[in-house]
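First up is the structure itself, then whatever we jot down about it.
Throughout, read-outs are computed from the coordinates displayed, never taken from laboratory work. From a predicted model like this one, the values you see are computed outputs, not experimental measurements. Here Cβ is always computed from backbone atoms with ideal geometry, including for glycine, and neighbour counts include all displayed protein chains.
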Amino acid sequence: MGSKTGRKTKRSRQNAADARLKDLGKLLARARQEVLARVRVLRKEEQEDAAELPADELDVARSLEDQETEAGLIERCEYQLKAIDAALSRLERGRYGICEKCKREIPVARLKAVPFAAYCIDCQEKRNERRRPGEGEIDEPSRHVWTPPEELKESVDE
């Protein structure tokens, strides 16, 4: 009788883990769509700024500043997209929501705040303390070559 109870408990834990992964997968998918939408908006604004003919030197300077700002924001969004794609890869391998350093579960509250988090708060704080500007190691998501998704190419064409 004890083994039946043990199997039920193990099964209920597995069901809870599966439900957690499913919910976290939805969270990642939503975050990815939001970033893609943001990139589309920024690229459209960038194209509009580039298309406008400046009237004088001040307008030229403002236009260039706007373009540089938008390019920086696009770069940041693409970095987030790369990190989200790495998190989706971890999800497929059953490693999403598990800290890359200590191997414990990352709290759902952290994943809701930073869906692509690869480290729990304690391990991330330790990583941040070690670093000084220009120092540190490459994050796991950045170690792999990343090909921008087709959705990014579509945003320019639209």
* To do: Of all alpha-carbon pairs in the range 46-113, indicate the percentage at a distance above 13 angstrom.
  => 74
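Grab the beta carbon distance between Asp56 and Val108, set R0 = 41 Å, and tell me the FRET efficiency rounded to 0.05.
On the way: r = 54 Å, r/R0 = 1.31.
For R0 = 41 Å, the calculated efficiency reads 0.15.
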